[in-house]
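Enquirer: The structure under discussion is supplied below as structure tokens; questions concerning it will follow.
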Amino acid sequence: MNSIFVIEQLMNGVGYGLMLFLIAAGLTLVFGIMDTMNLAHGSLFMVGAYLAAKIHVASGSMLLAVGLAIGVTMLVAWLLEVFIMRFLYQRDHLAQVLATFGIILITDDVIRAIWGVAPVMAPMAPSLSQPIELFPGLFYPAYRLMLIAIGLLVALLLYL
């Protein structure tokens, strides 16, 4: 085993670990601080991802796609908050779990009705599609480096 392989695998582990940290941090904030059992977060991520992929394919702009997807997903989340979640805060956790699981099922069917069952693929942004040479012989994907940077930034901001 050479040292480049070991370093690359360590960086993969750090990247995946930080991705899991980002997911866990979001869930901890919602479940722990708000004392609300909202299981529909993944559905909102799915809506944002489908929107971003479709907008990116249609416009060719990754920044526009991410910006619009965030805005529309925030609107959908606000509508869920106003029309459903507000009424669940005073209920017990079982009612919250059942209602938000229902949201998951409904969102899944709406996504299938709009986009179908085939995966929606979007090209990677040109700035993230090329590997970066960290040192001679070690090329690492730019999008994974971005994930590591974002994970470390969020960890630092949560610490502060």
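The values are calculated or read from the model by the stated rules, or taken from the named source; none is laboratory data. Treat the numbers as computed from the prediction; the structure is a model and nothing was measured. Backbone-built Cβ (ideal geometry, glycine too); neighbour counts: all protein chains shown.
Enquirer: Among residues belonging to region 57-87 that are more than 17 Å from the chain's Cα centre (by Cα) and in contact (Cβ under 8 Å) with a residue 40 or more places away in the chain, point out the one that is nearest to Val97 (Cα to Cα).
Expert: Met85
Enquirer: Here's another thing I want to ask about it. Filter region 94-131 for residues that are among the β-branched types (Val, Ile, Thr) and not in a helix (DSSP H, G or I); which is surrounded by the fewest Cβ atoms within 10 Å (Cβ to Cβ)?
Expert: Top of the filtered list is Val117.
Enquirer: Return a yes/no flag: does region 131-144 have any residue that is modelled with pLDDT of 85 or more, within 26 Å of Ala24 (Cα to Cα) and either touching a Phe, Trp or Tyr at 6+ places or on another chain (Cβ under 7 Å) or of a type in the set (A, V, I, L, M) (or both).
Expert: Scanning region 131-144 turns up at least one residue that is modelled with pLDDT of 85 or more, within 26 Å of Ala24 (Cα to Cα) and either touching a Phe, Trp or Tyr at 6+ places or on another chain (Cβ under 7 Å) or of a type in the set (A, V, I, L, M) (or both).
Enquirer: Now, a different point. Touching a Lys or Arg at 6+ places or on another chain (Cβ under 9 Å) and closer than 23 Å to Ile132 by Cβ: which single residue out of Asn2, Asn12 fits that description?
Expert: The conditions single out Asn12.
Enquirer: Sticking with this one: On the given criteria, is Tyr16 in the same structural domain as Leu128 (by TED's automatic domain parsing), under 16 Å from the mean Cα position of the chain (by Cα) and of a type outside the set (Gly, Ala, Ser)?
Expert: So Tyr16 fits the description; yes.
Enquirer: From the list Leu75, Leu79, Leu88, Leu64, which one is farther than 23 Å from Val30 by Cα, of a type outside the set (Gly, Ala, Ser) and out of contact with any Phe, Trp or Tyr (no Cβ under 9 Å at 6 or more places or on another chain)?
Expert: Sole residue among the options that is farther than 23 Å from Val30 by Cα, of a type outside the set (Gly, Ala, Ser) and out of contact with any Phe, Trp or Tyr (no Cβ under 9 Å at 6 or more places or on another chain): Leu64.
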